[in-house]
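Every read-out reported here was derived from the displayed coordinates using simple, explicitly stated rules and does not represent laboratory data. These numbers were taken from a predicted model, which means no experiment stands behind them. FYI the Cβ positions are ideal-geometry reconstructions off the backbone, even for glycines, and counts take in every protein chain you see.
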Amino acid sequence: MSSRGRGGKAKFHRHKKGSGPPKGGDGQGDFKGGAMTQYRTQPLPEMLCSPGIVVTAVQNKEMIAEREIIDALEAAADELYPGTGAGEEEEEEEGDIEDMLKKELEGLAAHKTRQSHRFRVCKRDTVCMLYINVLPPLDPIALVRYIIERCERTARCSFRFIQRLTPVSATSHADMDGLRRIAAEALAGPFSGGPKKFAIQVATRNSNALERLQMIKAVAEEVNKLSPKHKVDLKNPDRTVMIELFKTALGISVVEDFEKYKKFNPAAVAREAAKASTGGDSRVGEAVEKGEKERSTGQARAENRVRRMEGIKAAQEAESAAADAKSRPPKRKAEDEPEEGQVATKADDVEQGEAVEDETAELGDDFVEEIQGGRVVKLRRQE
């Protein structure tokens, strides 16, 4: 059997089913078009190869999360960096209709192949993690802060499968020399202008290139070189130094309000803002943490179809039950179950020799049952 036989086909379908990468690949392969084409190059760049944003996503939803973060970043870039898009539209020129149509078609074709001047998606070779390269002059920290502040301002989170955003302003190979170099580069601006309280956060993924405590010590030394007045404060820092170690790559950034903005968790920020505005509990953003969100149009239609089918089934069952009930003779009530509003007959209510047909009559041993006219009646015993 050829390599395209049943075994190979099954393996292909298993990969298609999920969005995580298969072993030995980037989970994306060759691409010929689509909405994300302008953000891709071939081959795809490695994670943490240049400044960008680490995106933590729900497992098996990385592909959707990739589209979500690109949409959010484009909206943020439109506000913060207008004029840095894929290209400005040319002014329309009057002329022959055929020439105008030809130019329009050429413009559409060029748009499909035009590369973004803002962002590049990187190879996905681990689960629950994406990396978006941010091209200059755009600043990853400013973009992430804009997205987080918007979640706080609107008390809403538009992400379905994104859990956390971590900006990276400088990268290097994962060794101590590289760490010290990018630390000096990233720390200079944020730690200028007086003493600062700071904390250091380290995230390590798929790497044992550097020890966590070793990295913390090296960065703390670089901070101390800038000014010995800078002090460590893990609970209420003015600056948080974020270190990302992935395989053999290293990234660093310095941010403000890390704890205030829930460690840059957009859903948590939106939920907290909603709670503050209503003065009570809020469920805003909880769906994101569960890998869900407001239902999409397709999901809503699917649920409506299910409800319609359930309604039809319930109506059919009710109709069938009604037909069965109609075809069966009415059930006789139990002897001890009177009709609604009926008062049970008692022994004192019956005259001597009187026949009682009431099945609910509460009679004692002074009565005997006889059959009269095909019916069972009760008679008081003759004295």
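Structure notes:
- Per-pair calculated FRET efficiency, R0 = 22 Å: LEU226 and ARG180 via Cβ, rounded to 0.05: 0.95
- In sequence order, segment 317-323 has phi-based couplings of 5, 5, 5, 5, 5, 5, 5 Hz under the Karplus curve 6.51 cos²θ - 1.76 cosθ + 1.60, θ = phi - 60°, and Gly or Pro positions carry x.
- Listed by Cβ neighbour count within 10 Å, with the fewest neighbours leading, TYR261, TYR131 appear as TYR261, TYR131.
- Sorted fewest first by neighbouring Cβ atoms within 10 angstrom, PHE264, PHE191 come out as PHE191, PHE264.
- Additional length obtainable on full extension of the chain from THR37 to ASP257, 0.36 nm per residue less Cα span: 75.7 nm
- Residue separation of ILE312 and ASP71 scaled by 0.36 nm, minus their Cα-Cα distance, works out to 82.7 nm of gained length.
- Selection of GluC sites (Glu not before Pro), segment 194-270, meeting DSSP coil and at most 15 other Cβ within 10 Å: GLU211, GLU256, GLU259
- For segment 178-243, the gyration tensor built on C-alpha atoms gives a prolate shape. Its axis ratio a/c (a ≥ b ≥ c) is at least 1.5, and a/b is the larger of a/b and b/c.
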